[in-house]
Amino acid sequence: MSSCAIRHTTVYITPAGKPAAELSDSPRGVVDEWGHVSTAECVEWATKVTQTEGMMVGPSAGAAIKYACDIACRPEAAGKTIVVVVGSHGIRYVQHPLWAKMKAEAATALPSLPCSDKEASILQWDSAAQP
């Protein structure tokens, strides 16, 4: 089984909380490869996965998916299954610049944001009351 630690400027993932200075490209444990994905690629792939696959993911998931696709494109990966574990949902990144373009598009499509107040009445619009 192959696993990778991904380095990029959005989120830094290190094994067992080791400082970056202690990382090397030498394999250890089940990690047999270290990879790098740029911030721009993280954002690009998070956006691509959200738009094409319907999975709202954040930038670190975008990095993991992009790097897994790079591995899958290698000749030695032909016919093999590549598995990526995405650790969190992208909803936690709604304030991240990653979603700025989509938020602007949504703002024009939805004149007012949907009510997300948990204390609000369940009935927000009564169609029977309309003329």
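See the values below:
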read-out: Order of ASP70, ASP117 under a 10 Å beta carbon neighbour criterion, fewest first; value: ASP117, ASP70
read-out: Counted charge near LEU98, where neighbours are those whose Cβ lies closer than 15 Å (Asp, Glu -1; Lys, Arg +1); value: +2
read-out: Proxy reagent accessibility, fewest Cβ within 10 Å first, across SER121, SER38, SER88; value: SER121, SER88, SER38
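Values in this text are rule-based calculations from the coordinates and carry no lab data. Computed from a predicted model, the values in this text were never measured in an experiment. Virtual Cβ from ideal backbone geometry, glycine too; neighbours counted across all protein chains shown.
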